[in-house]
Amino acid sequence: MNVWFYAVLIITVGFWIWENLLTLLSSRPVDKLPEEVADVYDPDEYSKSQSYSRAKNKFGMLTSTFQLVLFISFFLLGGFGWLDEQVRVIAGKSFFSFVPSFFIRHEILHGTLFIGALIVASGILNLPFSLYSTFVIEEKFGFNKTTLKTFFKDRIVGLILAVILGIPLLTLVLWLFGFAASDPLTWLYVWAALFIIQMALMYIAPVWIMPLFNKFEPLEDGELKDAINDFASKENFALQGVFKMDGSKRSSKANAYFTGFGKNRRIVLFDTLIDSMSTDELVAVLAHEMGHCKKKHIMKQLGISLISMGLIFYLIQIMLNNSSLFEAFQVKEVSIYASLVFISPLLEPINYIIGILSSVLSRKHEYEADEYSAKSFGKPEKLITALKTLSRDNLSNLTPHPLQVFTEYSHPPLKERIRALKKY
Ligand code: ZN
């Protein structure tokens, strides 16, 4: 077997070991909670939060092991070669004679069937795990509010979206990469095309996509709206952008976020958040989200994604139709669509580094947004109690391992945010 064969094995097994190691490190018990967060839980709640973390970690390890075994078996047993042969037979059947020849010539039909089959199969195999996570673990700790109907509706809507958005996107990528053999700048075209599409999707998501899953309503009149109104007008922020979301439809966990840009920018407060906090705390949280907007954090994250997409497409072009890679996957005929699938495990280390950079940036942005809230609203102590309430209600792990924080956390741990807020 060739070097790619071993590279795929080493990378997939290596990541499995590394990620589970981080999980184990974060699960270790601590003797004493740091003083900043000592009052978040009473002893009962603390032990409940510990069991919740343990349950989630154990289940996460089980899930990742299942996925690893599945991938390695399929890889070693020549599953990819078998699937590719089936796809070629099926695509040649008269059933598909309605498909325009453009889609056959560029192997877009083949690619859609090949990648579609892999996505559908992994979705079905992972379904029991999602069901268990929602209806057993989350249920046991009192978080789950999802009904089976909502659970399956979410998946069906997700699948329809994946088909509507995914097939044209795949068609575009396969068609463009078809020029790679003759044009060394193809990766640039793919990059530009997908970047424009990503921007467009980010723009329409708050208005067209997110409402398919949740209800968004402008805040109702009352004390909260007045308080927010006063604050927003002081900061010159358009209040039309603040929405209440029915998060309680799926989970009792609370959250708030800032999304979109331009006319479609939105600050979203979960109904569960509104129910669990005082008006001052809610305004402090809203001011944090406004901080993300004022400091253009979405655009900065987009910058990282722009650079990394360029790098990824460049590497894909270099590796396209590499016959040794196809040999490692035991697939006879080289193709662009299968190249995309086979290159992805090899890109894992690069994606991982990009992920770390993006979470470093994101944690920096969280501190900046906290600072904005503390300085503009002038009540850092309210943001502190709000963050404590959030952690308590979500049974957060208050003592994650620093290595896991560094590599995976988009938000700094609570104790560090409190430490920073106390300076204001
Ligand atoms: Zn934030």
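The values are calculated or read from the model by the stated rules, or taken from the named source; none is laboratory data. These numbers were taken from a predicted model, which means no experiment stands behind them. Heads up, the Cβs are rebuilt from the backbone with ideal geometry, glycines too, and the neighbour counts pull from every protein chain shown.
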Do you know which residues across region 382-404 are touching a residue at least 40 places away in the same chain (Cβ under 8 Å) and not in a loop (DSSP other than H, G, I, E, B)?
LYS382, LEU383, THR385, ALA386, LYS388, THR389, LEU390, SER391, ARG392, ASP393, LEU403, GLN404
Where VAL40 falls short, out of the listed (1) out of contact with any Pro (no Cβ under 6 Å at 6 or more places or on another chain); (2) assigned to a helix (DSSP H, G or I):
(2)
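Let's see how each residue does on (1) surrounded by fewer than 15 Cβ atoms within 10 Å (Cβ to Cβ); (2) over 24 Å from the mean Cα position of the chain (by Cα); (3) in a helix (DSSP H, G or I):
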| site | (1), (2), (3) |
| --- | --- |
| LEU224 | no, yes, yes |
| PHE237 | no, yes, no |
| ALA254 | no, no, no |
| VAL283 | no, yes, yes |
| CYS293 | no, no, yes |
Subset of region 125-165 (residues that are under 29 Å from ILE336 (Cα atoms) and in contact (Cβ under 8 Å) with a residue 40 or more places away in the chain):
LEU125, ASN126, VAL157, LEU161, ALA162
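Please enumerate the residues belonging to region 18-37 that are out of contact with any Pro (no Cβ under 7 Å at 6 or more places or on another chain) and surrounded by 15 or more Cβ atoms within 10 Å (Cβ to Cβ).
Here is the first cut: in region 18-37, the residues out of contact with any Pro (no Cβ under 7 Å at 6 or more places or on another chain) are 18-25, 27-37.
Across region 18-37, the qualifying residues are GLU19, ASN20, LEU22, THR23, SER27, LEU33, PRO34, GLU36, VAL37.
Right, TYR337: in contact (Cβ under 8 Å) with a residue 12 or more places away in the chain, crowded, with 22+ Cβ neighbours inside 10 Å and more than 12 Å from the ligand (Cβ to nearest atom) or not?
Working: in contact (Cβ under 8 Å) with a residue 12 or more places away in the chain: yes; crowded, with 22+ Cβ neighbours inside 10 Å: yes; more than 12 Å from the ligand (Cβ to nearest atom): yes.
Yes, satisfied.
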Log entry, pairs with first residue in region 269-292 being farther than 10 Å from ALA254 by Cβ, second being within 14 Å of the ligand (Cβ to nearest atom) and not in a helix (DSSP H, G or I), beta carbons closer than 6 Å, six or more apart or on different chains, reads GLU289/ALA256; GLU289/PHE258; GLU289/ILE267; HIS292/PHE258
Within region 405-420, count every residue that is without any contact (Cβ under 8 Å) to a residue 60 or more places away in the chain and either assigned to a loop (DSSP other than H, G, I, E, B) or more than 16 Å from SER53 (Cα to Cα) (or both).
9
Scan of region 295-319 for residues that are crowded, with 19+ Cβ neighbours inside 10 Å and within 12 Å of the ligand (Cβ to nearest atom), ordered by number
HIS297
Yes or no: region 264-285 includes at least one residue that is more than 14 Å from the ligand (Cβ to nearest atom), modelled with pLDDT under 95, within 20 Å of ASN236 (Cα to Cα) and of a type outside the set (Lys, Arg).
yes
Within region 375-390, can one find any residue that is among the aliphatic types (A, V, I, L, M), away from the ligand (no atom under 16 Å from the Cβ) and modelled with pLDDT of 95 or more?
no
List, please: which pairs have Cβ atoms under 7 Å, are six or more places apart or on different chains, and start with a residue in region 317-330 that is part of a loop (DSSP other than H, G, I, E, B) and end with one that is aromatic (Phe, Trp, Tyr)?
LEU320/PHE177; PHE329/PHE75; PHE329/PHE80; PHE329/PHE342; GLN330/PHE80
Failed criterion for GLN240 (all others in (1) modelled with pLDDT under 95; (2) within 30 Å of TYR314 (Cβ to Cβ) hold)
(2)
Residues being over 15 Å from LEU302 (Cα atoms), within 16 Å of the ligand (Cβ to nearest atom) and aliphatic (A, V, I, L, M) - total across region 340-373:
1
